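For reference, the structure is listed below as structure tokens.
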Amino acid sequence: MARNEVPYKIYLTENEMPKDWYNVRADMKNKPAPLLNPGTHQPMTAEELGAVFCEDLVAQELDNDTRFIPIPEEIRSFYKMYRPSPLVRAYCLEEKLGTPAKIYYKFEGNNTSGSHKLNSAVAQAYYAKKQGLKGVTTETGAGQWGTALSMACSYFDLDCKVYMVKVSYEQKPFRREVMRVYGASVTPSPSDTTQVGRKILAEHPGTTGSLGCAISEAVEVAVSNPGYRYVLGSVLNQVLLHQSVIGLETKAALDKYGIKPDIIIGCAGGGSNLGGLISPFMGEKLRGEADYRFIAVEPASCPSFTRGVYAYDFADTGMVCPLAKMYTLGSDFIPSANHAGGLRYHGMSPILSQLYDDGMIEAVSVEQTKVFEAAEQFARVEGILPAPESSHAIRVAIDEALKCKENGEEKTIVFGLTGTGYFDLVAYEKFHEGEMNDYIPTDEELAAYRAKLPKVE
Ligand SMILES: *Cc1c(COP(=O)(O)O)cnc(C)c1O
């Protein structure tokens, strides 16, 4: 197809927005391993999960068979405020790189929370409301998930209690204020408001917190307050299901122009945007209808796929959550203090973990200065200030496009641009001031965390 026959932005109409989420588990021969009760090591039942999570979300979590799950009309109406999101042809970046590759990105930063997380936040808030709950609790690291959930909760008139990793709470006061605009209460974690928080503070005075620790606090508050449940912004099967809206829209937009991607790239923290983006394409691959290369990109300082092990592990530091079988670095793992690029969770989605173990996905890790270089290169030609997380995908998209240039290959590359970086300017500042280093954990360090994995038969 000649240049410029494809517009810079491929928009879908509201009517073309997906009416169902796609559940990739239905097409997986090897299903993701079940969540286990941390005490008995038996698969979690719907009843046990229902003490922590909303009913309908538990059903989605456990459903390995239903291929399409209808998106309730209330959620579709909310989606229409900021969706369909554009699929952008990166003509300017292609030209700058001088590559014959065709590069597209699906931009999810077009809402106030600044990321794809709103796609699942609104679904989770909707089901909590439908169940007649008073509110939900959650953790947030960098703050995108907390912001997205605050927006969704205010829309459905639900209370929202956010435990924010202390270091982010202090470094990102503006994120906190956005959450408060939407009516959420925000507590720095670890805090003295929970048993688990007090225990962690006693053991590690002066700790600046971690995601795993904030999860433990949020879960404790949910199970000890009637009318509350806990919600999580990534990792879980239900979150990947909601995020499939990204991939379904991407596929519909590409199909409009008869475009078939060769490579699909996404950054991977807990795996939700990548899982959502690739789901419908992965379905085709699993059913033997098409072939694609899928690349997960993770930080070299938190390399769950590339250097982790596939094993049952705790989802949180306080060990109150179910055990999940996933690629993990160990639940005590915390990336080096210098790490500024997000994607700092120790584990990975059980669905993506199974697909990676089956050889259906590739993974690469990238150093953070290289990520910020790519972020700037992208910002300067495509205009958007990308989130550091998203910039991991940009890095590898550029690398693949440069390989195409070397080999004279006209491949079509699609990547997920998950969000914007306006709240990450301290990280950009570190990069500009040359204060960013590329700490990579040693094998010995990783082995020490791995030694603490729970023993599960
Ligand atoms: C949270 C976040 C991610 C990583 O989360 P996943 O669950 O791996 O998708 C990536 N990009 C942005 C902008 C985020 O906010």
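The values are calculated or read from the model by the stated rules, or taken from the named source; none is laboratory data. Treat the numbers as computed from the prediction; the structure is a model and nothing was measured. Using ideal geometry, Cβ is built from the backbone for each residue, glycine included, and neighbour counts are taken over all protein chains shown. The protein model used for the area step is the full one, side chains on, heavy atoms only, and it has no ligands, DNA or RNA in it. Shrake-Rupley method; radii C 1.70, N 1.55, O 1.52, S 1.80 Å.
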Only four residue types carry charge here, +1 at the Cβ of Lys and Arg and -1 at the Cβ of Asp and Glu. Report the dipole size of the range 1-82 about the Cα centre in Debye, rounded to the nearest 20. 500
Among all stretches of the chain without exposed trypsin sites (Lys or Arg not before Pro) (DSSP loop, at most 14 other Cβ atoms within 10 Å), which one is longest? 288-451
Take every Cα pair under 8 Å in the range 47-173 that's 6+ residues apart, average their separations, divide by the length, and report that relative contact order as a whole percent. 20
Rounded, prolate or oblate (a/c below 1.5 giving rounded, otherwise prolate when a/b exceeds b/c) for the range 280-324 by Cα gyration tensor: oblate
In debye to the nearest 20, the charge dipole size for the range 115-271, taken about the Cα centre with +1 at each Lys and Arg Cβ and -1 at each Asp and Glu Cβ, equals 220
Per the 1.4 Å probe, what fraction of the accessible area of the range 315-444, in percent, lies on carbon and sulfur atoms? 48
Which listed residue (341, 353, 308) has the Cα farthest towards the positive end of the charge dipole for the range 266-361, taking +1 on Lys and Arg C-beta and -1 on Asp and Glu C-beta about the Cα centre? 341
Cys with no candidate disulfide partner in the chain (beta-carbon separation under 4.7 Å rule): 54, 92, 213, 267, 302, 321, 404
In degrees rounded to 10, the 0-90 angle between helix 211-224 Cα long axis and the longest Cα principal axis of the chain is 50
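Normalising by the residue count of the chain, find the relative contact order in percent from Cα pairs under 8 Å and 6+ residues apart.
Taking the mean separation of contacting Cα pairs over the length of the chain, I get 19 percent.
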Roughly how many percent of the accessible protein surface of the range 67-109 is carbon and sulfur, given a 1.4 Å probe and a whole-percent answer? 55
Could you state the angle between the C-alpha long axis of helix 73-82 and the longest principal axis of the C-alpha atoms of the chain, as a value from 0 to 90 degrees rounded to the nearest 10? 60
Can you tell me how the range 341-412 classifies by the Cα gyration tensor, rounded, prolate or oblate, using a/c under 1.5 as the rounded cut? oblate
Tell me which of 100, 441, 86 sits at the most positive position along the dipole axis of the chain, charges placed on C-beta atoms (Lys, Arg +1; Asp, Glu -1). 86
Keeping every protein chain present and rolling a 1.4 Å probe, give me the accessible area per residue for the range 344-393 in Å². 30
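Once you charge only the Cβ atoms, +1 for Lys and Arg and -1 for Asp and Glu, what is the size of the charge dipole of the chain about its Cα centre, to the nearest 20 debye?
For this selection, approximately 640 debye.
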Kindly report the accessible area of the range 184-316 per residue (heavy atoms of protein chains, probe 1.4 Å, no ligands, DNA or RNA), in Å². 29
For the range 90-131, dividing by residue count, accessible area per residue (probe 1.4 Å) in Å² works out to 27
At most 15 other Cβ within 10 Å, DSSP loop - chymotrypsin sites (Phe, Trp or Tyr not before Pro), the range 2-70: 8, 11
Carbon plus sulfur fraction of accessible area for the range 211-283, probe 1.4 Å, in percent: 55
Return the calculated 222 nm mean residue ellipticity for the chain, to the nearest 500 deg cm²/dmol, obtained by summing -39500 (n - 2.57) across DSSP H runs with n ≥ 4 and dividing by the residue count. -12500 deg cm²/dmol
In the range 354-424, the GluC sites (Glu not before Pro) that sit in a DSSP loop and have at most 14 other Cβ atoms within 10 Å of their own Cβ are 409, 410
Which whole-number percentage describes the relative contact order of the range 237-307, with Cα contacts under 8 Å and a sequence gap of 6 or more? 36
